[in-house]
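The structure appears below as structure tokens.
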Amino acid sequence: MSEFVNDTMKDRKYRVGVLFGGRSSEHEVSLASAKNVMDALREAGHEVVPIGITPQGRWLPQPDAWARLSARAAGALNGDTARGISGASGVDDEAGWGLLPHGEAGHALPQIDVVFPVLHGPYGEDGTVQGMLEMANLPYVGSGVLASACGMDKEIAKRLFAGAGLPQVAYVLLPRSTWRSNPGDCVAKVEAALSYPLFVKPANLGSSVGISKARNRAQLIEALDMAAQFDRRLLVEAAVPHARELEVSVLGNDAPIASVPGEIVPGNEFYDYNAKYIDDNSELLIPAPLAAATVQQIQEYAVRAFAALDCAGLARVDFLFNGESGELYLNEINTMPGFTRISMYPKLWEASGISYPELVDRLVQLALERYADRQENSTAH
């Protein structure tokens, strides 16, 4: 495991700023993930500095931020009484870094050694927060600006995966403006390129929000209208017959490793938002019942997908497998996957021999390793 740590890093304990909540529709998912991550960090001996972000984008750098946002999500907190954040200031290595609340310039957060952005979806997993942390010159867990942005945009990721020679289903991309101004041409374009059934998705979103299955033209129109509520770019994909939904966790920086694959047997027709977070009728098979050759192939594809986007730290790579023909298709990559103790990403690593607390600790070490590597870049002119 020499890639993950050096002897100096391994024995140190750090002050970790955990970002959670955020402006995306996956706000509640982030809260669930963050609670488990913070518990594991403390179990590993690290000090946790909670930093919540409300659905309106206000920052809560308070010890009770998680409880306050959870209460808000449950409808128990009336009004946005939190103070906002005026900005972030990066200072020298000795002084550390702080967020300055409005009107309280003398009350910065304590020095933070590394940030763990447990944020899902837009305004967190899409490169925006990563860019802020880069500007502040802070180490952080997970992929950088480029990989985060490309991984969030399903269609841009598809282009990069195609360039890496990874198999994918056929698809059509539609701008929302074109759909609203000329829906007839859009439907004709989709039907000329693809056959029903189809899956319709917002290009930029996670947790299966806004995804629908369309079996005919009427359902296609309804699905495109729904997806258009969430993003300006709409993705229509061919369905895989006899599809099995497989997932692989990837861990590392320049020499990543892949976990055993897992399979989702959804209680609903497909693994949508309700199946993931509300209903309790889906089944996770870990490890997935697959032939050894298929396991090897899916692990290889997962690592290649990770490298194609220049990911770092962690990612979960999702596949569709035709159970009759044996054809395997890369579906998408998630650069900050769900991270509760029962989420697929940590459960796959647990089945591969890495416990949840050890996994979280390794991600901190990987963040510091990648930060140290970036510091070697010359900024001289």
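The values are calculated or read from the model by the stated rules, or taken from the named source; none is laboratory data. From a predicted model like this one, the values you see are computed outputs, not experimental measurements. Heads up, the Cβs are rebuilt from the backbone with ideal geometry, glycines too, and the neighbour counts pull from every protein chain shown.
Kindly indicate whether any position in the range 48-65 is modelled with pLDDT under 95, surrounded by fewer than 17 Cβ atoms within 10 Å (Cβ to Cβ), not in a loop (DSSP other than H, G, I, E, B) and not β-branched (Val, Ile, Thr). Checking the range 48-65: not a single residue is modelled with pLDDT under 95, surrounded by fewer than 17 Cβ atoms within 10 Å (Cβ to Cβ), not in a loop (DSSP other than H, G, I, E, B) and not β-branched (Val, Ile, Thr). The listed residues are Ile298, Ile354, and the only one of them that is touching a Leu at 6+ places or on another chain (Cβ under 9 Å) and within 29 Å of Asn204 (Cα to Cα) turns out to be Ile298. In the range 160-203, which residues are surrounded by 14 or more Cβ atoms within 10 Å (Cβ to Cβ) and among the basic types (Lys, Arg)? The answer is Arg176, Lys189, Lys201.
Can you find a residue that is among the polar types (S, T, N, Q) and either assigned by TED's automatic domain parsing to the domain that holds Phe230 or modelled with pLDDT of 85 or more (or both) anywhere in the range 32-47? Among the residues of the range 32-47, at least one is among the polar types (S, T, N, Q) and either assigned by TED's automatic domain parsing to the domain that holds Phe230 or modelled with pLDDT of 85 or more (or both), which makes the answer yes. Report yes if some residue within the range 325-336 is among the β-branched types (Val, Ile, Thr) and part of a helix (DSSP H, G or I); otherwise report no. No, the conditions are met nowhere in the range 325-336.
Is one or more of the residues making up the range 133-153 among the small types (Gly, Ala, Ser), at pLDDT below 95 and crowded, with 19+ Cβ neighbours inside 10 Å? Taking every residue of the range 133-153 in turn, none turns out to be among the small types (Gly, Ala, Ser), at pLDDT below 95 and crowded, with 19+ Cβ neighbours inside 10 Å. Those helices (runs of 4 or more DSSP H) of the range 105-164 in which at least 3 residues are in contact with a strand residue (DSSP E or B) (Cβ under 8 Å, 6 or more places away or on another chain) and in contact (Cβ under 8 Å) with a residue 40 or more places away in the chain, considering only elements entirely within it, cover 128-135, 154-163.
Of all the listed residues (Arg217, Arg159, Arg180), the sole one being of a type in the set (Lys, Arg) and over 29 Å from Asn322 (Cβ atoms) is Arg180. If you go through the range 318-339 one residue at a time, do you hit one that is out of contact with any strand residue (DSSP E or B) (no Cβ under 6 Å at 6 or more places or on another chain), within 19 Å of Ala32 (Cα to Cα) and free of Cβ contacts under 8 Å to residues at least 12 places away in the same chain? Within the range 318-339, none of the residues are out of contact with any strand residue (DSSP E or B) (no Cβ under 6 Å at 6 or more places or on another chain), within 19 Å of Ala32 (Cα to Cα) and free of Cβ contacts under 8 Å to residues at least 12 places away in the same chain. State yes or no: is Leu368 touching a strand residue (DSSP E or B) at 6+ places or on another chain (Cβ under 8 Å), farther than 19 Å from Val260 by Cβ and either at pLDDT 95 or above or β-branched (Val, Ile, Thr) (or both)? So Leu368 passes the test.
All of (1) closer than 19 Å to Met132 by Cβ; (2) surrounded by fewer than 17 Cβ atoms within 10 Å (Cβ to Cβ); (3) modelled with pLDDT under 50 hold for Pro101 with one exception: (2). Condition (residue is touching a Phe, Trp or Tyr at 6+ places or on another chain (Cβ under 8 Å), over 27 Å from Met135 (Cβ atoms) and in contact (Cβ under 8 Å) with a residue 40 or more places away in the chain) applied to the range 360-381: is it met by at least one residue? No; the residues of the range 360-381 include none that is touching a Phe, Trp or Tyr at 6+ places or on another chain (Cβ under 8 Å), over 27 Å from Met135 (Cβ atoms) and in contact (Cβ under 8 Å) with a residue 40 or more places away in the chain.
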